[in-house]
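**Student:** Supplied in structure tokens, the structure appears directly below.
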């Protein structure tokens, strides 16, 4: 898409293709997260949803994911509270906060691999919940604006 629709439309104004195009393919929304009880801080683990393809960082059953995975994070423009579970680099979260897309975003570069080249995704560092239930905490969910 060469049209920079995200600069002239709000999230609720976007059509389905535009909405889906905002996803940079980092797959961080598909990673298991843990919340520290006392502080409420959220941390990413290296354990990915059973439906995530670890090589492509894409869901293997995107159309049915919410039905197959009870706690799947399904985003919509009318539920921006869910965006707080997303990294500060996420296009949905950034646009909801009035920020632009980062320079490495595939809609800017025209190349879907730039999210991995920018080391935003955990590709190569993930484990599937299909293979193990053990995980390592990787880093804290960054709630600061970038």
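Laboratory data are not the source of any read-out in this text; all were calculated from the coordinates shown. For clarity, every value in this text was computed on a predicted model and none was experimentally measured. Cβ atoms come from the backbone with ideal geometry, glycine included; neighbour counts cover every protein chain shown.
**Student:** Please tell me the relative contact order of segment 81-146 in percent, rounded to the nearest whole number, where contacts are Cα pairs under 8 Å and at least six residues apart.
**Tutor:** 35
**Student:** Still on this structure, please answer the following. Given only helices, namely DSSP H runs of n ≥ 4 each adding -39500 (n - 2.57), what is the per-residue ellipticity at 222 nm of the chain, to the nearest 500 deg cm²/dmol?
**Tutor:** Working: 5 runs with 24 residues, N = 146.
Value at 222 nm, helices only: -3000 deg cm²/dmol.
**Student:** In percent, what relative contact order does the chain have, based on Cα pairs under 8 Å that are 6 or more apart in sequence?
**Tutor:** Relative contact order of the chain: 34 percent.
**Student:** Quick one: order 62, 44, 135 by neighbouring beta-carbon count within 10 Å, fewest to most.
**Tutor:** 62, 135, 44
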